[in-house]
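Handing you a structure now.
The values are calculated or read from the model by the stated rules, or taken from the named source; none is laboratory data. Keep in mind it's a predicted model, so treat the numbers as computed, not measured. Positions of Cβ are generated from backbone atoms using ideal geometry, with glycine treated the same way; all protein chains shown enter the neighbour counts.
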Amino acid sequence: MENNHVTVLEIDLNSIEYNFNYFKSKLHQNTKLLAVVKAFGYGSDATEIAKFLESKVDYFAVAYLDEGIALRNVGIKTPILVLHPQKVNLEKIIKYNLEPNIYSVNLLTAFIEIAKKNSLQNYPAHIKFNTGLNRLGFTYKDINQLSSLLKDQNEVEVRSIFSHIAASEDLNEKEFTLHQINSFKLIAEEFISQLNYTPFKHMLNTSGIINYAQEAQFDMVRLGIGLYGFGNDEKETNKLKNAITLKSVISQIHTIEKGESVGYNRAFKASSIIKTATIPVGHADGISRQLGKGVGYIYIHNQKAPIIGNVCMDMIMVNVTDINCNEGDEVIIYKNQEHIESLAKSINTISYELLTAISQRVKRVLKKC
Ligand SMILES: *Cc1c(COP(=O)(O)O)cnc(C)c1O
């Protein structure tokens, strides 16, 4: 189906490349780089980002099977780590040459069984250890059982072992993070001594690279939001280039008389005469309803236009009383990282949630000069 919506998400590939190089420059020359393109590439366009980065990265990661299949279907040949495979999908993981994160005895047993059934040899799998996030993964006390399941078989090979930091962006939690890093080192040492080969190791996400590249770089890092232009704070974000711009156009302009209301539930009532613009983007496109009633704002001709009343499914109305604008003029719904961070903050969330909420209805447009 052709997408001819006028609301578009512009993805700047030059900025993605710049951000990629920025993080690369923080790493040792031989540290491998995995680009995380889960959730449609943080709401952008996973297949386009992957095609663009394929020659530069060592690995991709996605969260779920179908995200990995989408990459294979556009011809991506790079190894792809599936961070959260489900037992019911293991056959397909193999069929599409994807590499599962194995985080439990249950999953490992099932995977070895399927690998045997398919007569695989040294099929790569990645073993995840829980060092404090308490989300997925084995712990130190699982090592003996893990090793005994893995030895005496050559269908599955542990390609890497990894862990994930709970608060890599928060230096107030540095002590806890260093403890996680140390636990991972102890686990790695013990586990590798029981295997008779050495998988590679990785632990850092974007803010991990920013804060712990000395302590926990290991053999690979997993770069996610940084690629898309966001660091762990304003200072770091300022070093990155904006890659994501959400744009639209004014559909209609109204004059609202004093006492009239705007939108559903009459959530806005004019206390004086005002001018509004209706924009074709709504909560079905990913604009949180919490940004209504004056909380969020967009940019029109570089001036702030607050959202008034409730966000509708397909539209928002903004106050343009003091802005010289016309029907058909361009508007910027998400201007840059600073704008997205400020909107996220005003509704108690983080940039990740605003980005990944941008729905598939919004047309994606690639920019590259
Ligand atoms: C999402 C994810 C990442 C990437 O995190 P960013 O903060 O976006 O860099 C890395 N590792 C795992 C396990 C993840 O789930």
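Could you list, in sequence order, the residues of the range 135-157 that are within 16 Å of the ligand (Cβ to nearest atom) and either assigned to a helix (DSSP H, G or I) or more than 20 Å from the chain's Cα centre (by Cα) (or both)?
137, 138
Taking only pairs six or more apart or across chains, which ones have beta-carbon atoms under 6 Å, a first residue in the range 55-68 that is closer than 21 Å to residue 86 by Cβ and among the aliphatic types (A, V, I, L, M), and a second residue that is surrounded by fewer than 19 Cβ atoms within 10 Å (Cβ to Cβ) and at pLDDT 95 or above?
Qualifying pairs under 6 Å: 63/84; 65/92.
Being surrounded by fewer than 16 Cβ atoms within 10 Å (Cβ to Cβ) and part of a helix (DSSP H, G or I), is that true of even one residue in the range 57-70?
yes
Residue 82 is checked against (1) buried (at least 22 other Cβ atoms within 10 Å of the Cβ); (2) free of Cβ contacts under 8 Å to residues at least 60 places away in the same chain; (3) touching a Lys or Arg at 6+ places or on another chain (Cβ under 9 Å) and fails just one. What number does that condition carry?
The failed condition is (3).
Pick from the range 172-204 the residues that are polar (S, T, N, Q) and surrounded by fewer than 22 Cβ atoms within 10 Å (Cβ to Cβ): which of them is farthest from residue 131 (Cα to Cα)?
196
Separate question: Count, please, the residues in the range 88-109 that happen to be within 16 Å of the ligand (Cβ to nearest atom) and of a type in the set (D, E, K, R).
Residues flagged as within 16 Å of the ligand (Cβ to nearest atom) and of a type in the set (D, E, K, R) within the range 88-109 amount to 1.
Given the residues 112, 127, 76, which is the only one that is modelled with pLDDT of 95 or more, part of a loop (DSSP other than H, G, I, E, B) and either within 16 Å of the ligand (Cβ to nearest atom) or crowded, with 17+ Cβ neighbours inside 10 Å (or both)?
76
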